[in-house]
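> Questions regarding the structure given below will be posed in turn.
The values are calculated or read from the model by the stated rules, or taken from the named source; none is laboratory data. Not measured: the values here are computed from a predicted model. Note: ideal-geometry Cβ built from the backbone for every residue, glycine included; neighbour counts use all protein chains shown. For accessibility, only protein heavy atoms count, side chains too; no ligands or nucleic acids. Shrake-Rupley method; radii C 1.70, N 1.55, O 1.52, S 1.80 Å.
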Amino acid sequence: HLQVRAADRWQLDAASIDYVIIEADLAASRPLPASGRGLEYHTSEQVSARMRELADLYPLLARTIDLGRSWQGRELTGMLITDQPWTRELDEPSLRVLGAHHGDEWSSMEVSLDLIEALLASYSSDPELAAMVDGAELWFLPVVNPDGVAAYSRRNSRGVDLNRNYSYRWQ
């Protein structure tokens, strides 16, 4: 099975490769955005809004970070969770959690958001978790590719596969 953009099918035709189209419009089969917190998926805008709500609820543990805008102008919103979210503690280890590199893999966005919610909600009742939050900076960007999420596309709006675009040892 291959997932091929309609604009690229000419390459299969040019190579005389036979194929059968199983799903002509993959985006039409994408999951529904959330109307409430349940089994539905969020939009990238809903994820950003929820992080701002959580930062307001837990101002001593979390703050949102505006990382700019995507190529199509969508928010890139991050969150820092730590015991002093308004002060950089450079002597503490940092952990980075990134979701939705691929816009058609919404589960990574949801896992990132669920982890944020669980960390904040359990901080006061779980001493081991509190010690981890107190001793580290936990950086979250649940939606790396908001344009891809909106289009339900692996790549961003410029055709780049963000998960293959880091500078470290990619061939």
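> Could you look through segment 38-55, keep only residues that are in a loop (DSSP other than H, G, I, E, B), of a type outside the set (D, E, K, R) and without any contact (Cβ under 8 Å) to a residue 24 or more places away in the chain, and pick out the one that is farthest from Glu117 (Cα to Cα)?
Leu39
> Oh, and also: Give the residues of segment 4-28 that are among the aliphatic types (A, V, I, L, M), part of a loop (DSSP other than H, G, I, E, B), surrounded by 10 or more Cβ atoms within 10 Å (Cβ to Cβ) and modelled with pLDDT of 80 or more, sorted by residue number.
Across segment 4-28, the qualifying residue is only Ile17.
> Starting from residues that are in a strand (DSSP E or B) and open to solvent by 80 Å² or more (accessible area, probe 1.4 Å), keep the ones in segment 80-106 and report whichever is farthest from Tyr123 (Cα to Cα).
Residue satisfying both the conditions and the ranking: Arg96.
> Does Glu53 satisfy the condition of being among the charged types (D, E, K, R), modelled with pLDDT under 90 and either open to solvent by less than 70 Å² (accessible area, probe 1.4 Å) or more than 16 Å from Pro146 (Cβ to Cβ) (or both)?
For Glu53, the condition - among the charged types (D, E, K, R), modelled with pLDDT under 90 and either open to solvent by less than 70 Å² (accessible area, probe 1.4 Å) or more than 16 Å from Pro146 (Cβ to Cβ) (or both) - is not met.
For every residue, the table says whether it meets (1) more than 23 Å from Ala150 (Cα to Cα); (2) in contact with a Leu (Cβ under 9 Å, 6 or more places away or on another chain).
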{"residue": "Gln84", "(1), (2)": "yes, yes"}
{"residue": "Ser94", "(1), (2)": "yes, yes"}
{"residue": "Leu98", "(1), (2)": "no, yes"}
{"residue": "Asp104", "(1), (2)": "no, yes"}
{"residue": "Glu110", "(1), (2)": "no, no"}
{"residue": "Asp114", "(1), (2)": "no, no"}
{"residue": "Pro127", "(1), (2)": "yes, no"}
{"residue": "Ala136", "(1), (2)": "yes, yes"}
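> So which residues in segment 66-99 are among the β-branched types (Val, Ile, Thr) and within 16 Å of Leu54 (Cβ to Cβ)?
Thr77, Ile81, Thr82, Val97
> Among all residue pairs at least 6 apart or on different chains, which show Cβ distances below 6 Å where the first residue, located in segment 56-79, is open to solvent by 30 Å² or more (accessible area, probe 1.4 Å) and the second is assigned to a loop (DSSP other than H, G, I, E, B) and not β-branched (Val, Ile, Thr)?
Correct list of pairs: Arg63/Pro85; Trp71/Ser157; Trp71/Arg158; Gln72/Ser157.
> If Met109 satisfies all but one of (1) open to solvent by 70 Å² or more (accessible area, probe 1.4 Å); (2) within 23 Å of Val160 (Cα to Cα); (3) outside any strand (DSSP E or B), what's the number of the condition it fails?
The single condition Met109 does not satisfy is (1).
> May I pose another question? Sort out which residues of segment 140-171 are of a type in the set (A, V, I, L, M) and either modelled with pLDDT of 85 or more or in a loop (DSSP other than H, G, I, E, B) (or both), and write them in order of number.
If the condition is that a residue be of a type in the set (A, V, I, L, M) and either modelled with pLDDT of 85 or more or in a loop (DSSP other than H, G, I, E, B) (or both), then Leu141, Val143, Val144, Val149, Ala150, Ala151, Val160 are the ones that fit.
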